[in-house]
Amino acid sequence: MEVKTILWPTDLSRNSIKAAKHVESLAEKYQAKVILLYVGVDPMTMFPAYGSYPSKEHLQHFQEYELKHARKELEAVCEKELKACPNIDIQLVTGDAGAEILKMAKTAQADLIVLTSHGRGHDELDQKSADFGSVAKKVLANSPVPVHLVNPYK
């Protein structure tokens, strides 16, 4: 298998950062480019439950704040966790995490996706659960390329 591009989607949770060593090792082994992807929350998916929507300006402000903060965090992850990966491309998008990961895999022509079996929503999950998180399930079921799944509890 030839690996030129590795896609590492992370939600910056404690669980998802545990994939960093796998990404670093694989990138070093294959001399591959790493696309570090963060998918921001689409706030519009939250508001139907409240029966009203904030203004377009408020939504845009929130998204800009989140992505600016995420970029700083991703840069820190690169510096601390991915020192052996000089070829890193940080990508920030907003939307459904699973769908955006799959979209990025296709558009970036990724050869491999590396992600954890559980992310942000499972920090306190019973570690004996055999069930994957919803994003991991979606990516595994629909990925056009191999997926290297990391168990953050091991």
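Residues to consider are LYS103, LYS128, LYS138, LYS72; find the one that is at pLDDT 90 or above and either in contact with a helix residue (DSSP H, G or I) (Cβ under 8 Å, 6 or more places away or on another chain) or outside any helix (DSSP H, G or I) (or both).
None of the other options fit; the residue is LYS138.
Give just the number: which of (1) at pLDDT 80 or above; (2) closer than 30 Å to LEU59 by Cα does HIS148 not satisfy?
Result: HIS148 fails condition (2) only.
Which residues, taken from the range 4-17, are at pLDDT below 95 and surrounded by fewer than 20 Cβ atoms within 10 Å (Cβ to Cβ)?
LEU12, SER13, ARG14, ILE17 - these are the residues of the range 4-17 that are at pLDDT below 95 and surrounded by fewer than 20 Cβ atoms within 10 Å (Cβ to Cβ).
Which number in (1) within 23 Å of ASP96 (Cβ to Cβ); (2) at pLDDT 90 or above marks the one condition that PRO54 misses?
Unmet for PRO54, out of (1) within 23 Å of ASP96 (Cβ to Cβ); (2) at pLDDT 90 or above: (2).
For the range 27-51, enumerate the residues that are modelled with pLDDT of 75 or more, in contact with a strand residue (DSSP E or B) (Cβ under 8 Å, 6 or more places away or on another chain) and not in a helix (DSSP H, G or I).
ALA32, LYS33, VAL34, ILE35, LEU36, LEU37, TYR38, VAL39, GLY40, VAL41
The values are calculated or read from the model by the stated rules, or taken from the named source; none is laboratory data. Treat the numbers as computed from the prediction; the structure is a model and nothing was measured. Don't worry about glycine lacking a Cβ; one is built from the backbone with ideal geometry, like all the others, and counts go over all protein chains shown.
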